[in-house]
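Written out below as structure tokens is the structure these notes cover.
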Amino acid sequence: MSNLHNYVNKKVLIITADSRTLVGNLLSCDQQTNLVLGQTVERVIRTPDDEEGSTEMPLGLYIVRGDNVCLVGLVDEALDSTINWEQVKGSAIGGVKHI
């Protein structure tokens, strides 16, 4: 994943093996896809039938082990800032199964 070095110092979204959604500034990465994120928040998206709103939980400086990373993508910051994440609803992403 050496291409991740192009994402350093940019806002990225990470989907983990346990279905967590993390957003933060990529500070560092290595060849095992271990990631260091700054100003990280976890987006907890609720299902449509849940009365509680979705939330963003601040985590700050955060390290993600490479074996937990499923997806890394750049965030369109202009679009992202226009979305009210408390009103977003969606279905849960399934976790990883090891057979």
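The values are calculated or read from the model by the stated rules, or taken from the named source; none is laboratory data. Everything numeric in this text was worked out from a predicted model, so none of it was measured. We place every Cβ from the backbone using ideal geometry, glycine too, and count neighbours over all the protein chains shown. Ligands, DNA and RNA are excluded from the accessible area calculation, which covers all protein heavy atoms including side chains. Shrake-Rupley method; radii C 1.70, N 1.55, O 1.52, S 1.80 Å.
General observations
- Residues that are among the hydrophobic types (A, V, I, L, M, F, W, C) and within 10 Å of Glu56 (Cα to Cα) were ranked within segment 27-45; the one that is most open to solvent (accessible area, probe 1.4 Å) is Ile45.
- Selection within segment 39-86 - in contact with a Gly (Cβ under 6 Å, 6 or more places away or on another chain) and closer than 15 Å to Asn9 by Cα: Gln39, Thr40, Leu61
- Selection status of Asp50, open to solvent by less than 40 Å² (accessible area, probe 1.4 Å) and at pLDDT below 95: no
- The set of residues in segment 63-83 that are small (Gly, Ala, Ser) and either outside any helix (DSSP H, G or I) or in contact (Cβ under 8 Å) with a residue 12 or more places away in the chain (or both) comprises Gly66, Gly73, Ser81.
- Within segment 12-26, the set of residues being open to solvent by 50 Å² or more (accessible area, probe 1.4 Å) and either free of Cβ contacts under 8 Å to residues at least 24 places away in the same chain or outside any loop (DSSP other than H, G, I, E, B) (or both) comprises just one member, Arg20.
- Pairs with Cβ under 8 Å, 6+ apart, first in segment 84-99 and open to solvent by 100 Å² or more (accessible area, probe 1.4 Å), second among the polar types (S, T, N, Q) and modelled with pLDDT of 65 or more: Glu86/Ser54; Glu86/Thr55; Gln87/Ser54; Ser91/Thr47
- Residue selected from segment 27-62 under the condition assigned to a strand (DSSP E or B) and among the hydroxyl-bearing types (Ser, Thr, Tyr), by the criterion farthest from Asn6 (Cα to Cα): Thr55
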